[in-house]
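Asker: What follows is a structure written as structure tokens; I'll ask about it next.
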Ligand SMILES: Nc1nc2c(ncn2[C@@H]2O[C@H](COP(=O)(O)OP(=O)(O)OP(=O)(O)O)[C@@H](O)[C@H]2O)c(=O)[nH]1
């Protein structure tokens, strides 16, 4: 989720109950403020949130086939759904039932029959918390200057993409991009203009690596990195060339550069193929060596490393 002001963001709620009348009551109470979705069984609920995440689930306990406890267990098992807050809304009114639900990880427990304003107030609290925690997670994963992923996100993504691609025996590429003579750029145009150049380079890289699984990160002062799942060598090379063209098209003057009168970058790329049996850190080192070679070859060029 992108950072949006709390007031602008319309959160979504999934109401899960096998009794249509129960879902209707809650849906009617919530629809003014939230996007409301409904599911008539645990399985339907799981199918729904795996395709389309929501901000809160209101979950009945007693349902045929799969009860609410089991649904919650399944949600917690899956990394893509384990952070969705769940409130049980149920006729099971014993202390043991409530304790069991909370121990499984539900954030709250509303007993039927409930008073709608009270239930709504509790739902609102949990949705506010969820949206705020999403914003914090986004801020923690982004680079403060450019808004793209930061070094920590890059490192974590490299490990998870590596595992994923090796698991399904597919390639991925890592590309490191370093601005040429950036010290001289700062010295000539000032730090504030240097910051603007970094922002322009970041958004250019973001527009070059367009697939939703691609990671675009700032990994150092004037160094950027891309992770590109499911590419082959030809596509990786073509993308590196596109980077040079896109940076050149920015036309940022750099009269102190020794290679051009415009801002340029050096690029090191490496393809990780499953059969090579490498680790993420080795892949990163190879990309770094390729970048180093591009600098040594005179800058404003790409070197492809060995996989
Ligand atoms: N404006 C600005 N400059 C930064 C930032 N982070 C790092 N830098 C500058 O980036 C420059 C990097 O300099 P070097 O590592 O010598 O690299 P370079 O001058 O680009 O030289 P080559 O990479 O060899 O072409 C330094 O002057 C840093 O101060 C930042 O957030 N904003």
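Taken together, the values in this text are just the output of simple stated rules run on the coordinates, not laboratory data. The shown structure was predicted, so the numbers you read here are calculated from the model rather than taken from an experiment. Methodologically, a virtual Cβ is constructed for each residue, glycine included, from the backbone with ideal geometry; neighbour enumeration extends over all protein chains shown.
Asker: Between rounded, prolate and oblate, where does the chain land on the alpha carbon gyration tensor, with a ≥ b ≥ c its root eigenvalues, rounded for a/c under 1.5, else prolate if a/b exceeds b/c?
Answerer: prolate
Asker: By DSSP, what percent of the beta bridges with both residues in the chain are antiparallel, rounded to the nearest 5?
Answerer: 50
Asker: Okay, next question. Which angle from 0 to 90°, rounded to the nearest 10, does the C-alpha axis of helix 20-30 make with the longest principal axis of the chain?
Answerer: That helix lies at roughly 60 degrees to the long axis.
Asker: Another question about this same structure. At a temperature of 4 °C and a viscosity of 1.567 mPa s, determine how fast the stretch 71-183 diffuses translationally according to Stokes-Einstein, using the Kirkwood radius over alpha-carbon pairs as Rh; express D in µm²/s, rounded to the nearest whole number.
Answerer: 72
Asker: Quick check on the exposure proxy: order 112, 130, 255, 51 from fewest to most C-beta atoms within 10 angstrom.
Answerer: Result, fewest neighbours first: 51, 255, 112, 130.
Asker: At R0 = 41 Å, how high is the FRET efficiency between residue 33 and residue 211 if r is their beta carbon distance? Nearest 0.05 is fine.
Answerer: 0.75
Asker: For the stretch 150-216 and the stretch 90-107, what is the centre-to-centre distance using only Cα atoms, to the nearest Å?
Answerer: Centre-to-centre distance over Cα atoms comes out at 45 Å.
Asker: Please work out the Cα center distance from the stretch 24-42 to the stretch 249-307, rounded to the nearest Å.
Answerer: Taking the Cα centre of each part, the stretch 24-42 and the stretch 249-307 sit 51 Å apart.
Asker: Related question: With an 8 Å Cα cut-off and a minimum separation of 6 or more residues, compute the relative contact order for the stretch 112-235 in percent.
Answerer: 32
Asker: Under a crude label model (7 Å from the Cα following the beta-carbon direction), how far is residue 281 from residue 82 in nanometres?
Answerer: 2.4
Asker: Enumerate the residues in the stretch 84-109 having an amide nitrogen under 18 Å from the point lying 7 Å beyond the Cα of residue 129 toward its Cβ.
Answerer: Residues 84-90, 98-109 qualify, since their backbone N sits under 18 Å from the label point.
Asker: Also, quick follow-up: From Cα pairs below 8 angstrom and at least 6 apart in sequence, can you work out the relative contact order of the chain, rounded to a whole percent?
Answerer: 14
Asker: Just to confirm the number: angle between the C-alpha axis of helix 280-296 and the first principal axis of the chain, 0 to 90 degrees, nearest 10?
Answerer: That helix lies at roughly 30 degrees to the long axis.
Asker: Here is a further query. What nm distance separates the two modelled labels at residue 159 and residue 199, each placed 7 Å from Cα along Cα→Cβ?
Answerer: 3.3
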